[in-house]
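The values are calculated or read from the model by the stated rules, or taken from the named source; none is laboratory data. These numbers were taken from a predicted model, which means no experiment stands behind them. Quick reminder, even Gly has a Cβ in these numbers, built from the backbone with ideal geometry, and neighbours come from all protein chains shown.
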Amino acid sequence: MKILDIATRPFAGQRPGTSGLRKKVDVFQQPHYLENFVQSLFDILPDRAGQTLVLGGDGRFHNRVAIQTILRMAAANGIGKVLVGRGGLLSTPAVSAVIRKRGAYGGIILSASHNPGGPDGDFGIKYNIGNGGPAPEKVTEAIYARTQAIDSYRIAGDTPDIDIDRLGAGSLGDMQVEVIDPVADYAELMQQLFDFETMRAWFAAGHRMRYDAMCAVGGPYARAIFEGMLGAPAGTVVNGEPREDFGGHHPDPNPAHATELIAAMSGPAAPDFGAASDGDADRNMILGRDFVVTPSDSLAVLAANATLVPGYKAGLAGIARSMPTSCAADAVAKALGIACFETPTGWKFFGNLLDAGRATLCGEESYGTGSSHVREKDGLWAILFWLNLQAATGLSVEALVRRHWAGFGRHYYSRHDWEGIATERADALMAALRDKLPGLSGREFPSPDGATLRIGSADDFAYTDPVDGSVSTRQGVRLLFEGGSRVVFRLSGTGTEGATLRVYLERFEADASRHDQPTQQALAALIAAAEAVAGIRAHTGKQAPTVIT
Ligand code: G1P
Ligand code: ZN
């Protein structure tokens, strides 16, 4: 055991979020940098001695090095046992599932989610607690405070690297190390939730699927489940081998980054079902033939049809969505007579509702969907849910969505991201918007269809957690129009360069004869209203959003 001095401190110029510590790889490669975070984590877990932790990551560059360091440090800090995914791999939802199934004390996830990987890409580390979910703010704050004060760390001496590529039990000093199959516990949980028999029959009947793992950690899970357990033909999973640099791609499944999948899903020869997940496989994207499902619609469709799936046949306790996610799920909750909770952006806000049994399904517009089966969003789970619905109803993805719109109305939806804004300019834009809030109600804007758009009310979203009463303010400026349209402005909390303004646009259309407009056209009047109210171009000096999803 060595005691070394700390040369670098994590979080320089950055506050910790529940996404943990996320930085460029070369920052993590600095001596003692990762060690500082890991020792700080152990220091704030006073009852860590003898406990079991789960450890794994999305396989990005630096994953293997970090795993060996963390194992040595865990041994020197009295951890009883570490369960490591073979090859250092575990998707984020799989870590959550393993923690819960094995009753582990917590888990360490090595990932920078959907950010690019490789020597020039990003790396990240975060801690999940015993319920399987991200550490709550009081824990992340405690880690942060400790990182700024710590001056030494404990690490087992120069032992040979643990072989993490062979399943089975070993040890490091007094600590047990068990290398586990990264897929097994997760796949077993999926079998409990979904109707594997019916899905097998769907593939056997000749239906085809294309799942794009984006060279990230979803590949091994998808191969085992779709091609292995469900009998989908070989080649259903593409980009299925996890690569340290994700093949040079941006492993973020959305229309901007999954262009290859969107192209493959177009035309008569396209498979029936297309899907993708991100770096750590917690996000998902759903496509039919020539048809892209928005994440807000996805949540609503899953909720409306949940009782067709074995794991949810008893019905839902409630639905939760992040505030900028469209109100499509609210319409379903209303019809089902259950609650729909509107939470601030970020998965952590769902944890209390899930733990308290008040919500069963939850989702965000940012391609995140999940349920009470784990405490993270879950990409493969959402994809299996859609597969189960297609197999159970015999309907295509497009038919399921159109049937949904016909019954509940359509919530046209889009997010415009303005990236790389100077931080002061972005802050000034938000401050100006907040100043204008009191005068916004009643303001009118022209609409191409002749009707006038009128702001009914406007506010800065605040949330009181219904379980623990905690209050989160300043979560985004909302323009709530009469008739159900909304525009939301907020600054991203996850970007690494400058500020990103996110503008969320939503318009409700009850009339089924008007469900076929191109999305940006359907939202044109709202887009113009957003510019008129916020002065985005003048504030940012930019002419157009960088990414439209
Ligand atoms: C983004 C998404 C948000 C998600 C988070 C973590 O955060 O918008 O829904 O929970 O990534 O995946 P943002 O950059 O908007 O703060
Ligand atoms: Zn992710």
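Quickly run through the range 269-290 and pick out the residues that are within 10 Å of ligand 2 (Cβ to nearest atom) and part of a loop (DSSP other than H, G, I, E, B). D278, G279, D280, A281, D282 - these are the residues of the range 269-290 that are within 10 Å of ligand 2 (Cβ to nearest atom) and part of a loop (DSSP other than H, G, I, E, B).
Could you say which residue among E342, E376, E365 is surrounded by 21 or more Cβ atoms within 10 Å (Cβ to Cβ), over 26 Å from D195 (Cα atoms) and acidic (D, E)?
On the way: E342 fails: surrounded by 21 or more Cβ atoms within 10 Å (Cβ to Cβ); E376 fails: over 26 Å from D195 (Cα atoms).
Checking each option against the conditions leaves just E365.
Quickly run through the range 384-398 and pick out the residues that are in contact with a helix residue (DSSP H, G or I) (Cβ under 8 Å, 6 or more places away or on another chain) and either aliphatic (A, V, I, L, M) or surrounded by fewer than 20 Cβ atoms within 10 Å (Cβ to Cβ) (or both). Spell out the reasoning first.
The first filter runs over the range 384-398 and keeps only residues in contact with a helix residue (DSSP H, G or I) (Cβ under 8 Å, 6 or more places away or on another chain), leaving 384-393, 395-397.
Scanning the range 384-398 gives L384, L387, L389, A391, A392, T393, L395, S396, V397.
Consider the range 259-291 and keep the residues that are away from ligand 1 (no atom under 16 Å from the Cβ) and within 16 Å of G379 (Cβ to Cβ). The one that is surrounded by the most Cβ atoms within 10 Å (Cβ to Cβ) is A275.
P160 - would you say it is surrounded by fewer than 19 Cβ atoms within 10 Å (Cβ to Cβ) and either out of contact with any helix residue (DSSP H, G or I) (no Cβ under 6 Å at 6 or more places or on another chain) or not in a helix (DSSP H, G or I) (or both)? Yes: the conditions hold for P160. What do you reckon, is T325 without any contact (Cβ under 8 Å) to a residue 24 or more places away in the chain and β-branched (V, I, T)? So T325 fails the test.
Hey, among the residues in the range 42-67 that are touching a Gly at 6+ places or on another chain (Cβ under 9 Å) and in a helix (DSSP H, G or I), which one's surrounded by the fewest Cβ atoms within 10 Å (Cβ to Cβ)?
The initial filter retains those residues of the range 42-67 that are touching a Gly at 6+ places or on another chain (Cβ under 9 Å), namely 42, 45, 48-64, 66-67.
Filter once more, keeping what is in a helix (DSSP H, G or I): 42, 63-64, 66-67.
Working: F42: 22, N63: 22, R64: 17, A66: 22, I67: 24.
If we take residues in the range 42-67 being touching a Gly at 6+ places or on another chain (Cβ under 9 Å) and in a helix (DSSP H, G or I), then R64 is surrounded by the fewest Cβ atoms within 10 Å (Cβ to Cβ).
Quick check on the range 240-261. Is at least one of its residues among the aliphatic types (A, V, I, L, M), without any contact (Cβ under 8 Å) to a residue 40 or more places away in the chain and away from ligand 2 (no atom under 16 Å from the Cβ)? Break it down stepwise before answering.
Step one: list which residues in the range 240-261 are among the aliphatic types (A, V, I, L, M), which gives 256, 258, 261.
Checking which are without any contact (Cβ under 8 Å) to a residue 40 or more places away in the chain leaves us with none.
Among the residues of the range 240-261, not one is among the aliphatic types (A, V, I, L, M), without any contact (Cβ under 8 Å) to a residue 40 or more places away in the chain and away from ligand 2 (no atom under 16 Å from the Cβ), which makes the answer no.
Within the range 108-119, the set of residues being closer than 17 Å to Y33 by Cβ, more than 12 Å from ligand 2 (Cβ to nearest atom) and assigned to a loop (DSSP other than H, G, I, E, B) comprises P119 only.
Every test in (1) part of a strand (DSSP E or B); (2) surrounded by 15 or more Cβ atoms within 10 Å (Cβ to Cβ); (3) free of Cβ contacts under 8 Å to residues at least 60 places away in the same chain is passed by S457 save one, and that test is (2).
In the range 368-388, the residues that are under 15 Å from V183 (Cα atoms) reach residues that are within 13 Å of ligand 2 (Cβ to nearest atom) and among the acidic types (D, E) with C-beta atoms within less than 9 angstrom, at least six apart or across chains, in these pairs: D378/D282; G379/D278; G379/D280; G379/D282.
Being within 16 Å of ligand 1 (Cβ to nearest atom), small (G, A, S) and either modelled with pLDDT of 95 or more or in contact with a His (Cβ under 7 Å, 6 or more places away or on another chain) (or both) is the filter here; which residues of the range 67-116 pass it? The answer is S91, S96, S111. Check whether at least one residue in the range 196-204 is buried (at least 18 other Cβ atoms within 10 Å of the Cβ) and within 24 Å of G267 (Cβ to Cβ), and report yes or no. Scanning the range 196-204 turns up at least one residue that is buried (at least 18 other Cβ atoms within 10 Å of the Cβ) and within 24 Å of G267 (Cβ to Cβ). Scanning the range 195-218 for residues that are touching a Ser or Thr at 6+ places or on another chain (Cβ under 6 Å) and either over 28 Å from A112 (Cα atoms) or assigned to a helix (DSSP H, G or I) (or both) yields a count of 1.
Scanning the range 427-454 for residues that are out of contact with any His (no Cβ under 8 Å at 6 or more places or on another chain) and part of a helix (DSSP H, G or I) yields D427, M430, A431, L433, R434, D435, K436, L437, P438, G439. Within the range 241-268, the set of residues being in a loop (DSSP other than H, G, I, E, B) and closer than 19 Å to S414 by Cβ comprises D252, P253, N254, P255, A256, H257, A258.
Could you please find all residues in the range 353-404 being outside any helix (DSSP H, G or I), of a type outside the set (A, V, I, L, M, F, W, C) and within 16 Å of ligand 2 (Cβ to nearest atom)?
Selection gives G363, E364, E365, S366, Y367, G368, T369, G370, R375, E376, K377, D378.
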